[in-house]
Amino acid sequence: MAANIKTNETEPRTVAQLEKLLAEKEEQLARLQETAVPKPAGQEDKPASAYREDADALKRRVTIRLPISGSNKEPLFVRFGDETFTIRRGTDVSIPYYVWLHLQECQQADDALSLRMNDLTGSFANGMELYRL
């Protein structure tokens, strides 16, 4: 007795069947595009020149001054892609805007990490109080 075994393979189709299926899918696509929600004003696809302007805006120079604190007296070393920057503390330094954005993201990550560490330290201390005799 031969059992009917189903496989993932589809039945062979003729060229006419495939062309009919393609036409149906193109009609479905056209209907979907007609009912698609239009983009709000100002969010249309940007031309290539707009991306160049965005890149130029990211490359503009900004001036920052890193504070000198008790433990942070050494210059800050920043590597962004293939570029490296050494930023002296306590003096005005001109850096690209995208590097400044990177420094801001790193500072936010450090702040979030210190908050999480404080939470964990506090919960550990509270747990230790429960087990003291």
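Data for the structure
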item: Within region 88-113: backbone nitrogen closer than 12 Å to the PHE80 label point (7 Å, Cα to C-beta); result: 94-106
item: Dipole-positive endmost among LEU103, PHE124, PHE85 within region 49-133 (Cβ charges, Cα centre); result: PHE85
item: Kirkwood hydrodynamic radius of region 77-133, Cα pairs, Å; result: 14.4
item: ASP92-ALA109 pseudo-label distance in nm [points 7 Å out on the Cα-to-Cβ vector]; result: 3.0
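FYI, it's all coordinate maths here, none of it is from the lab. As the structure is a computational prediction, the values presented were derived from the model and not from experiment. Note: ideal-geometry Cβ built from the backbone for every residue, glycine included; neighbour counts use all protein chains shown.
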